[in-house]
Structures are given as structure tokens and as C-alpha cells.
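Novice: One structure, pasted below without further comment.
Please treat every number below as a calculation from the coordinates, not as lab data. Since this is a predicted model, take the numbers as computed values, not measurements. Here Cβ is always computed from backbone atoms with ideal geometry, including for glycine, and neighbour counts include all displayed protein chains.
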Amino acid sequence: MPEQEPTQAQPEPLYVDGWTYYPQPQALPEPPPAPVRPQRRPIGMFVALGCAVVVLIGAGVTSVIMTRGDDEQSKPDTTAADTAQIESAMRRFLQITSADDPAYPEVACAAFREKYRSRRKTDVAVYRPEVKSVDRIRITGDSATAHVRAVIRGKEEDKVFDLKREDGKWKACTLEPR
């Protein structure tokens, strides 16, 4: 026997005032659409990502700044021998009264000697500074600075002098301290 397709039940006819009505099958109303949630932007994630980027950039900049200048030329290479030589040169330099002094070439750099080659007796002979200390020596390559505390004309003063290393010896290169 051939398979029969199931038949759909027909609604019963409706009789009203001599009229026959055949009701039409009614479709069920469709459910209302689900409310659409507005798309939220992940602001918190962007803020966290931005903070992380700022921290990483800051760490990179800090590491560059902290390691910059670590080459041999810019490292303070103050050794005990250099410090002693600078202190001695500064003490002798401040006692020289003229370019005729035999110690002059030993404690004054070439540029200084050239600039002040005609230096004759000056106020140094009159007030002969008494050097109390030479400290805070900072050496960078063949240049250095030294802080000198001396009694000048009865008054204690702090001065900073520049020095250069020439022929392996430290020599003063300033007449007027800064």
C-alpha cells in the first residue's frame, strides 16, 4: 500500500445566517524581536592598553637615560694617582706669581701659557692664597674640574678650576676660577 501523506485537518465550517464560512488557519503571531543591546565599546580595555604602552615607553626612555654616557670617554675615571696629581698641580699653580717661575710649564696647560705668556707678578704675589683643600675632583677623559677652598686676602673662598691632562700630567687651564 502506498504511503499516504498525512492530511492536515480542515477546520469545521462555520454556519452564520445561512452563510457557510470556512475559517482560514491563522498563523501564530511572531514573537517580538529580542531587544537589541547597543554595542559597548571596550573603553576599559583601551585605557588599560594605553597605560601599558605609556609604562613601557617610560621604562624604555628611563633605561636609555640611565645607560647613556656609559662609554669610556664620559665615565668619571678618577683614580688615586690622578686625584693626588690634580691636588698637587692646583696647590703649585696657585703659588706661582709670574710666567718666569720655573714650575709654570709644569702646572699650567699649553693654552693657558700661550694666553698668559707675558704674565708677570700679579696680585698673587701680594696675597699668596693659602689652599685649605682641593676636592670634588671630576675627571672626564683628559679634562677635569677641581673645587679649591683657599684663604684669599683673609677670607675663605670656594673656587672651581678647569684642568687638562697634557703629556700624562694634570695642568691648570684657568686664570680666573668660575
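Novice: As a footprinting exposure proxy, order Phe46, Phe93 by other Cβ within 10 Å, with the fewest listed first. Working shown, then result.
Specialist: Details: Phe46 10, Phe93 25.
Ascending number of Cβ neighbours within 10 Å: Phe46, Phe93.
Novice: Once the piece of chain linking Ala111 and Glu30 is laid out straight, how much longer is it, given 0.36 nm per residue of separation minus the C-alpha distance between them?
Specialist: On the way: separation 81, 0.36 × 81 = 29.16 nm, distance 10.03 nm.
Gain on extension, Ala111 to Glu30, equals 19.1 nm.
Novice: May I ask for the net charge around Asp135, where only other residues with Cβ less than 13 Å from the Cβ of Asp135 are counted and Lys, Arg are +1 while Asp, Glu are -1? Walk me through the numbers on the way to the answer.
Specialist: On the way: positive: Arg91, Lys132, Arg136, Arg138, Arg149, Lys159; negative: Glu87, Asp158.
Here the count lands on +4.
Novice: Counting other beta carbons within 10 Å of each Cβ, put Tyr21, Tyr104 in order, fewest first. Please list the in-between numbers first.
Specialist: Numbers: Tyr21 10, Tyr104 20.
Going from least to most buried by this count: Tyr21, Tyr104.
Novice: Using Cβ counts within 10 Å as a stand-in for footprinting exposure, how do Lys115, Lys164 rank, fewest first?
Specialist: Numbers: Lys115 13, Lys164 18.
Taking fewest neighbouring Cβ atoms as first place, the list is Lys115, Lys164.
Novice: Oh, and also: Sticking with the crude label model, points 7 Å out along Cα→Cβ, report the distance from Ile57 to His147 in nm, one decimal please.
Specialist: A separation of 3.8 nm, rounded to one decimal place.
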